[in-house]
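See below for the structure under consideration.
The values are calculated or read from the model by the stated rules, or taken from the named source; none is laboratory data. Treat the numbers as computed from the prediction; the structure is a model and nothing was measured. When we count neighbours, we look across all protein chains shown, and the Cβ atoms used for this are built from the backbone with ideal geometry, even at glycine.
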Amino acid sequence: MSKAGEAEIGANSPHETHDHTAGAEKRVFIKTYGCQMNVYDSERMGALLAPLGYAATSQPEDADLVILNTCHIREKAAEKVYSELGRLKNIKASRAQTGKQTQIAVAGCVAQAEGPEIHARAPVVDIVVGPQAYHRLPEMIARAARQRGAVLETDFDVNEKFDALPKARTGDGPTAFLTIQEGCDKFCTFCVVPYTRGAEVSRHVDAITAEARMLVASGVREITLLGQNVNAWTSAPPAGEHAEAWGLGELCRHLAKIDGLERIRFTTSHPRDMDEGLIAALGDEPKLMPYLHLPVQAGSDKILKAMNRDHTAEHYIRLIERIRAARPDIALSGDFIVGFPGETDADFEDTMALVREVSYASAFSFKYSRRPGTPGAAMRAQVAEDIKTDRLARLQTLLEAQKQAFNRSLIGKTLPILIERAGRNEGQIAGRSPYLQSVHMDGPARLIGGIAQATIRDVTPNALTGVLVDALHEKGTA
C-alpha cells in the first residue's frame, strides 16, 4: 500500500504511541513502521489490550509489553527490525534484573513474511503475529506468559480479525483512518503485499458505517478510508436495501450522509479498479476531497508489463483525463519506481514524459529494491545502483518542481482548512487543505477540530502559510 503511501507513506520513519497515563498497572509500547494501515492496526491493537489493563507508554524501558508493528515494503526492512530487537534485548535484560518481566512481540508484514526466522534469529521475541491475526493478541500474550518459548500466529483470516476487534472506537483528534479493505490480488512483480496481507477482502458496508459513526460521535470530522487496493472494495448494500453490489463510489456517497462527517478521503487506489462510479462520485460528492493518490509506477509499457501492472501508460493517461473532466480541481499524487530490472534509458525517459504530461501535486518515488520471494528479485538485467541513483534524482527534481508549482498556484486562493492541532509557535494553528497540504496560520486554539476559511499567502518547501478570513476582515484587507 502506499500511500497517503504514498507507496508506503512514512515507510522509513516509525511512528510511536504517546503516553496517555501515569501509574497504570501494565504498559504497552507500540512502534509502528510503514503505511497508514499499520497506523490503524496499531491503534486497534491498543484497543484490544486496554481491557487487559494495558495503557500506552512512549518509552520501551517502561513497557511490560513491546510491540513492533513492521513494514516489509522497503529494502532492509527486516534488518531494521532485528537491529531494534537487539536494543530491546538489552532493555528486557535490564528490566529483568529489577524483577520486571517484559514481553516482546513482532507484528505486521515482516512477522508474516519471516515468522520462523524471527524466532531463530531473535529468541528474545515472545510473540510473532501477522497482520491478519493480531486480534488474537490477548490469547497469545496469556499463552506466552504461561509457557516457555515463543508463540507464532501468521494465518490469514481477515474477516475473523474484523469480527473479533472491539466494536467501540473513538477518535484521537479531528481525523482518523478506517480500514475497509485488506489484501491484494494484483501480484505486481516487485511487491510483497499479496504474500504478507493475503487476498483482497472487503468489510461489509454496515460495519464500516457503524465504525464511521462512532468516530464522528467522538469528534472526528475527516475519515480516510484505507486499503491496499481501496478502490477494489465491494460489498452487498446495507441491510434492507435490494441492489447490486456496491463499489467505493457508493460507499463514499453513503458515508457522506453521516451528520458531522465533513471530509472523506481514500487511499491507495489501483488504476485497474478506478471505475466510472467512483469517478462520478469524485465529481459530484462535495465531501470527497479533491485529492487522489493513483500510483502508476512507470511510464514505459515494457516495464509496466514486466511489473504485471495490467495497464499501459496510455490507459493511465486517458484515465486521468476522465478523472479531471469530472473533478477539474483534483490534485493528483502518484508512486514511481526507477531502475526496475530491464529498465533502459529510453524506458526511464518514458516515465519522465508521463510525469510531464500528467503533472503531479505530490508523489512518492523510490529506487527498485529486491524483495525476497517476489518475481522481480529473480529477474535478469538488474539495473546498477549508480544508474538508479541518478535516475531517481532526475525524477525527484521534476516531481518537486511540479509540487511547488501546484502549491504556488494556490497563493491568493481562499480554502477551507481542517484545523488539526496547535502550531509550533505560540498563537499558531495548523491543519490540512482539501489537497492534503499542511497549512500554518495564526489563530486561536478554539478553532482546533473545526473547519476555517483561510487565504493562502505563501509557500514553504513542505507546507503552505495562510491568513484566517476573519483576520483579513478585521484588518480590512479582504
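Table for the structure above
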quantity	calculated
From L410, L436, L468, L418, residue being touching an Asp or Glu at 6+ places or on another chain (Cβ under 6 Å), farther than 25 Å from E343 by Cα and not hydroxyl-bearing (S, T, Y)	L418
A331 vs. criteria within 25 Å of the chain's Cα centre (by Cα), at pLDDT 95 or above and on the phi < 0 side of the Ramachandran plot	yes
Hey, I419 assigned to a helix (DSSP H, G or I), surrounded by 14 or more Cβ atoms within 10 Å (Cβ to Cβ) and β-branched (V, I, T) or not	no
Matching entry among W233, W246 (being under 20 Å from R309 (Cα atoms), outside the structural domain of A107 (by TED's automatic domain parsing) and not hydroxyl-bearing (S, T, Y))	W233
Inter-residue pairs, beta-carbon under 6 Å, first of a type in the set (D, E) and in the stretch 159-188, second in a loop (DSSP other than H, G, I, E, B) and at pLDDT below 85, 6+ apart	E182/R197; D185/A199
Any chance K100 is charged (D, E, K, R) and modelled with pLDDT under 85	no
Any hit, the stretch 301-322, residues being among the acidic types (D, E), under 22 Å from G339 (Cα atoms), touching a helix residue (DSSP H, G or I) at 6+ places or on another chain (Cβ under 8 Å) and at pLDDT below 95	yes
Which numbered condition E75 misses (of (1) modelled with pLDDT of 80 or more; (2) in contact with a Ser or Thr (Cβ under 7 Å, 6 or more places away or on another chain))	(1)
Yes/no for A454 being at pLDDT 95 or above, in contact with a His (Cβ under 8 Å, 6 or more places away or on another chain) and under 27 Å from A363 (Cα atoms)	no
